[in-house]
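One structure is given here, and the rest of the page talks about it.
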Amino acid sequence: MTKSLPLLLLVAITTSFQQQHQPNTANHIIIDKSAKARIDSTLKSFVDSGNVAGVSALVFEKNKEVYYNAFGYADREAKMPMNRNTIVRIYSMTKPITGVALMTLYEKGAFLLDDPLSKYAPEFSNMKVYKGVDASGNLILEPAKRPITIRDITRHTAGFAVGTELPGLKELVQKVDPLNRNNTLSEMAKKLATLPLAFHPGDQWAYGISVDVQAFLVERLSGKPFDQYIQQKIFDPLGMNHSGYVVSESQRKNFAALYRRENGQLNATGEDFNTRSWPLKPGGFGLTSTIDDYMKFARMLVNKGKAGKATLLRPETIKLMSTSHLPDSIKQRMWLPSKGQVGFGIDFAVRLRPPLSKEENNGVVGEFFWDGAASTLFWVDPVNDLTAVLFVQIMPFYGKLHKSFRDAVYGEWKEY
C-alpha cells in the first residue's frame, strides 16, 4: 500500500494543477458582462491599431447566442462593413467539414480507420520514401515500412511530400503540382501517388495535403462529386445556405476582401479561387462561409452530431474525432506544439492539458478546434457547452489575434 502513495500523490498534484489552471468549469457562466466587454475591447483594438481591416466574433453558450459583434470593414476600400452577412474564405477550416463528410461514410461501414488507403485507392500501393539525393542529384528511395492508412490521412501522418523543402523532392513536387486548381480530385490523387513520401507513414506529424486525399476518398466511396456530397450531407441538413466553393455574382457584395500585412501596412490582395468553379474541389481548403453558417457546424459538433431535427453523426463518432490519435512515439510534429498543449484527432487539434503559461493559447481540456490561413478560428468547448467562431481576412497567419480573443473569452491565464 505504501508503494502506491507516491503515485497517488502525483495524481493529486496533477489534478490540482489542472483544476487551478483551467480557465473555467461548467459550473460557471463564461460569457458574462465582463467577458463581453473584454471581447469588444480586444476586437476593436485590433481594428483601431490598423492590424486588421475588420473582424467579427460569435459565441454560443449552453445553446444560446451570448455574444456577437463586428468591427471595421470586410472591404476597407469599398467601405463595406464587417457584419453577419459577410462571406469569408475559411481556408483550413474546410478540413473539419471534410472530416465530418468522411466519417458519415465510416458510420455506414464503408471503411475502417486502420484500413490501408490502397484498399480503396490502389494508386497508393507500394509507396516509396525519400532518403536523400546522390552525388548526381538523383533521388534515393526506399520502400515504405508500412502502407498509408486512412487514420494517417485523418491525422497528418501519411508522409505526403507536398510542402516539403527537401532537396530534389521539393522540385519534383512543384513539377507534378498535384494541387493545381485545374486537376480534379481523382487527377490530384493520381499525381500525388507518383511522388515519394517525405517520411515513413506514422513517423511524423506534417500538415498538408492529407485532407484533400480525404475528399478524394469521399468521392470514390460515395460515387458523388465531393462538393455535391458536402452540400447534401452537411450544408443542406444544417441550413448552411451561404457556404460553398463559389461565391455567386449576387453574393459578391458580401464577399470580404483578403488583406496581407506588409511592412506594417494592410494591402488588399487578389484571390480568384472562389469567383468561378474550378475542377479542383479541395478538402483541405477552398470553402467560404458566413459566421452564422459556420456556427451551425460548430453547434452540431458540441451537440454530439445533432442539429435540430438533423443528425449528421453519432455521439461516439464525434468523440472519436475529438480524441487525439497521435501516440507519444510521434515526436516530430511540425508547428503543432505552437497551438498549445494539444494532440490531434480526426481533422481537429485536441487540447490535452491546460496552458502551462500565460504565453500559451488559453483553453479548456477537452476542447477541439482548428483555424484557417487567413486567421479565422473556431473551437468547441464541450465542458462549458460553448462554441466560438472568429472571422477575419488577414495574412500571414495572425496568432496574436487568436491568443487575445481566447483570453478575452475565458479571462487571462493566472498562475496560482
Quick one: which of 190, 170, 145 is in contact with an Asp or Glu (Cβ under 6 Å, 6 or more places away or on another chain) and basic (Lys, Arg)? 190
Among the numbered conditions (1) crowded, with 23+ Cβ neighbours inside 10 Å; (2) modelled with pLDDT under 95, tell me where residue 157 comes up short. (2)
Quick check, is residue 142 in a helix (DSSP H, G or I), surrounded by fewer than 17 Cβ atoms within 10 Å (Cβ to Cβ) and assigned by TED's automatic domain parsing to the domain that holds residue 218? no
Only residues in the stretch 390-406 that are crowded, with 24+ Cβ neighbours inside 10 Å count as the first member; pair them with residues that are of a type outside the set (Ser, Thr, Tyr) and at pLDDT below 95, Cβ under 6 angstrom, at least 6 apart or cross-chain, and list the lot. 406/361; 406/362
Filter the stretch 31-75 down to residues that are in contact with a Gly (Cβ under 9 Å, 6 or more places away or on another chain) and surrounded by fewer than 18 Cβ atoms within 10 Å (Cβ to Cβ) and give me whichever is farthest from residue 396 (Cα to Cα). 34
Can you name the condition, by its number, that residue 60 falls short on among (1) of a type in the set (A, V, I, L, M, F, W, C); (2) in contact with a Leu (Cβ under 9 Å, 6 or more places away or on another chain); (3) without any contact (Cβ under 8 Å) to a residue 60 or more places away in the chain? (3)
Unmet requirement for residue 234, which otherwise passes all of (1) closer than 30 Å to residue 192 by Cα; (2) part of a helix (DSSP H, G or I); (3) more than 17 Å from the chain's Cα centre (by Cα): (3)
Looking at the stretch 202-218, can you tell me whether even one residue there is part of a loop (DSSP other than H, G, I, E, B), surrounded by fewer than 19 Cβ atoms within 10 Å (Cβ to Cβ) and among the hydrophobic types (A, V, I, L, M, F, W, C)? no
Please determine, by comparing only the residues of the stretch 299-357 that are basic (Lys, Arg) and buried (at least 19 other Cβ atoms within 10 Å of the Cβ), which one is farthest from residue 96 (Cα to Cα). 333
Residue count for the stretch 111-131, restricted to those that are surrounded by fewer than 16 Cβ atoms within 10 Å (Cβ to Cβ), touching a residue at least 24 places away in the same chain (Cβ under 8 Å) and part of a strand (DSSP E or B): 1
Among the residues in the stretch 262-274, are any assigned by TED's automatic domain parsing to the domain that holds residue 52, closer than 29 Å to residue 313 by Cβ and not aromatic (Phe, Trp, Tyr)? yes
Going through the stretch 210-251 in order, the residues found to be within 19 Å of residue 91 (Cα to Cα) and touching a strand residue (DSSP E or B) at 6+ places or on another chain (Cβ under 9 Å) are 227, 230, 231, 235, 240, 242, 243, 244, 245, 246, 247, 251
If I filter the stretch 288-295 for residues that are within 17 Å of the chain's Cα centre (by Cα), aliphatic (A, V, I, L, M) and within 28 Å of residue 178 (Cα to Cα), do I get at least one hit? no
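The values are calculated or read from the model by the stated rules, or taken from the named source; none is laboratory data. Keep in mind that this is a model prediction, so the values were computed, not measured. Ideal geometry is used to build each Cβ from the backbone, glycine not excepted, and the neighbour counts take in all protein chains shown.
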